[in-house]
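See below for the structure under consideration.
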Amino acid sequence: MGSTFTFQTFFDPSADFFLEEVSSALRGVWVQPYSRGCTGYGTHRRAPTVTPRCTKRQNATTSPQAQVTPGVRKRPGGPGRENYWRSPHLRDPLLEEPLVLQAEPEDGKKRRKNAIHYSFSLSGLRTFCTVVFVWLCLVVLLVICFILVEIILVDFAPPPPSLPASLQFSPFFERLPLVDFSRYPILKIENIRNHTVRNYNETDLVLNWYTREFDIRTLVGVDFVVDVWQLTPGGHVWLTFRFENPTAFLALSVEARLPASEPMSLWKGFFNAYPLVYIAADEKDILGLRALTRDDPVYIYPGKATPEMAQQIFVEMLHRSNKLAFHPEWYNTLFNNCVGNVANHINRLSPHTISAYDFRLQIAGLSGQYAYDMGLLETDGLTYDQLRRTHKINCRALRALHATSVQFSKHIRKWSHRVFWLQYFSFIQRRRKCS
């Protein structure tokens, strides 16, 4: 009969209303009667009825109820099964006449021992749990197989072939940045993107590529930029490097090189559909595209890196950009993406700084929280929620839409006054709690 669950309910068997309430509550539920001391106990399933325990063991030869009258069907289970307390309002489906309620002796001790035992079969629940367990095992097995396939594609797949000149890429990826290190520490970077989107339409572009020299000795800091896609935790991250004397801002972004007129597909990114590229862009270009044209929330978090550390990361990323221009790799949504490459550059500079097993590294929209928890950001004593509200730049980018590139970058970083007021209100709230 499978595993069973038994519970007891103590009651006065002379209370008919209680039996009716229990019977109505169990209507439609299969109940396996359980009785101690009853002769002829069977294992058949019956309709939901209230079955109390026998008061005493009776013999078939001495029990007056054991005699079968002509024309009346006998209840199965052997003699003595009729000696149950029944409500006169409940009719046994196997008998033509209702059973008569027998009185229990007025003995408190016996009444306390008197109980109804119900036994519900858990075979259905066990079957359900087995099916759920099998499905979970299949899902886990499929996930493991998928990850193994991704590892094989990343490590053993051949590199992208030489791209023909006739292949058309998106206007944002037509050219790749090329860096000249011959005059180090002065670096000459070609094909820096500075497109202008008109009427908030990505297809209406004014293309502009330019070349500029940067002295890495004037590099003073790096910012961690997070673009969160709308209605999803996914997104995109990149680094922006700040120079002084003269003031300049350069964004380096790791992206998938998309063909012309084809949107980004995360599913295709799992199966080696796009080459991996590094893009050097002006901040007004990359932030205007994502924060204004696509209307994605964009956050700029100042990093804690010293100028020396920022310079090493900058040079490391430019070396990899040159390598990918001549020896391309496949973009992979899971293993070779924007967050993974930025984490690799930081770990080369400071090993074991970023864990490769944190799930937030696979969801770019949550990478800001991870960087905050690891102490990689300048927080100014703010919580992550306060820092996130302070460093969202969408409104400031809209107000600086018609400014020059340098003025645009300066204007979107005017968050010092907001930090002051957030700290002030936090101080007031703490004082109120203490008082």
For this session: Among the candidates 246, 263, single out the residue that is under 29 Å from residue 201 (Cβ atoms), in the same structural domain as residue 172 (by TED's automatic domain parsing) and at pLDDT below 90.
Result: 263
Exercise. Among the residues of the range 381-395, is any modelled with pLDDT of 90 or more, assigned to a loop (DSSP other than H, G, I, E, B), out of contact with any Gly (no Cβ under 7 Å at 6 or more places or on another chain) and within 21 Å of residue 241 (Cβ to Cβ)?
Worked result: yes
Exercise. Can residue 362 be described as surrounded by 15 or more Cβ atoms within 10 Å (Cβ to Cβ) and at pLDDT below 90?
Worked result: yes
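Restricting to the range 166-199, name every residue that is in a strand (DSSP E or B), in contact (Cβ under 8 Å) with a residue 24 or more places away in the chain and not hydrophobic (A, V, I, L, M, F, W, C).
188, 191, 193, 196
A quick yes/no check of all residues on (1) part of a helix (DSSP H, G or I); (2) of a type in the set (Phe, Trp, Tyr); (3) more than 27 Å from residue 198 (Cβ to Cβ):
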{"position": "268", "(1), (2), (3)": "yes, no, yes"}
{"position": "291", "(1), (2), (3)": "yes, no, no"}
{"position": "314", "(1), (2), (3)": "yes, yes, yes"}
{"position": "320", "(1), (2), (3)": "yes, no, yes"}
{"position": "334", "(1), (2), (3)": "no, no, yes"}
Problem set entry | Hey, residue 328 buried (at least 17 other Cβ atoms within 10 Å of the Cβ) and part of a loop (DSSP other than H, G, I, E, B) or not | yes
For this session: Output the qualifying pairs, or none if there are none: Cβ atoms under 9 angstrom, residues six or more apart or on different chains, first residue in the range 384-405 and among the hydroxyl-bearing types (Ser, Thr, Tyr), second residue in a loop (DSSP other than H, G, I, E, B).
Result: 390/380; 390/382; 390/415; 405/194; 405/282
Problem set entry | Options 310, 305, 251: the member that is crowded, with 20+ Cβ neighbours inside 10 Å and part of a loop (DSSP other than H, G, I, E, B) | 305
For this session: Of the conditions (1) modelled with pLDDT of 80 or more; (2) surrounded by 15 or more Cβ atoms within 10 Å (Cβ to Cβ); (3) not aromatic (Phe, Trp, Tyr), residue 373 clears all except one; give me its number.
Result: (2)
For this session: Tell me which residues, restricted to the range 116-174, are more than 30 Å from residue 327 (Cβ to Cβ) and modelled with pLDDT under 70.
Result: 116, 117, 118, 119, 120, 121, 122
Exercise. Mind checking which pairs have a first residue in the range 353-365 that is within 20 Å of residue 305 (Cα to Cα) and a second that is surrounded by 13 or more Cβ atoms within 10 Å (Cβ to Cβ) and of a type in the set (S, T, N, Q), Cβ under 6 Å, 6 or more apart or different chains?
Worked result: 353/347; 354/347
For this session: Assess whether residue 187 counts as being within 24 Å of residue 246 (Cβ to Cβ), of a type outside the set (Val, Ile, Thr) and assigned by TED's automatic domain parsing to the domain that holds residue 291.
Result: yes
Problem set entry | Residues being farther than 21 Å from residue 251 by Cβ and within 27 Å of the chain's Cα centre (by Cα) - total across the range 373-409 | 10
For this session: Restrict the check to the range 233-242 and report whether at least one residue is touching a Pro at 6+ places or on another chain (Cβ under 9 Å) and within 19 Å of residue 359 (Cα to Cα).
Result: yes
Problem set entry | Flag if residue 404 is among the β-branched types (Val, Ile, Thr) and over 30 Å from residue 160 (Cβ atoms) | yes
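Quick grid of which residues meet (1) of a type outside the set (A, V, I, L, M, F, W, C); (2) touching a Ser or Thr at 6+ places or on another chain (Cβ under 8 Å); (3) closer than 20 Å to residue 284 by Cα:
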{"residue": "129", "(1), (2), (3)": "no, no, no"}
{"residue": "171", "(1), (2), (3)": "yes, no, yes"}
{"residue": "192", "(1), (2), (3)": "no, yes, yes"}
{"residue": "202", "(1), (2), (3)": "yes, yes, yes"}
{"residue": "207", "(1), (2), (3)": "no, no, yes"}
{"residue": "213", "(1), (2), (3)": "yes, no, yes"}
{"residue": "222", "(1), (2), (3)": "no, yes, yes"}
{"residue": "241", "(1), (2), (3)": "no, no, yes"}
For this session: Kindly check whether there is at least one residue in the range 203-225 that is in a strand (DSSP E or B), surrounded by 19 or more Cβ atoms within 10 Å (Cβ to Cβ) and either within 25 Å of the chain's Cα centre (by Cα) or of a type in the set (Lys, Arg) (or both).
Result: yes
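The values are calculated or read from the model by the stated rules, or taken from the named source; none is laboratory data. Since we're looking at a predicted model, the values are computed, not measured. Every residue, glycine among them, receives a Cβ derived from its backbone with ideal geometry; neighbour counts consider all protein chains shown.
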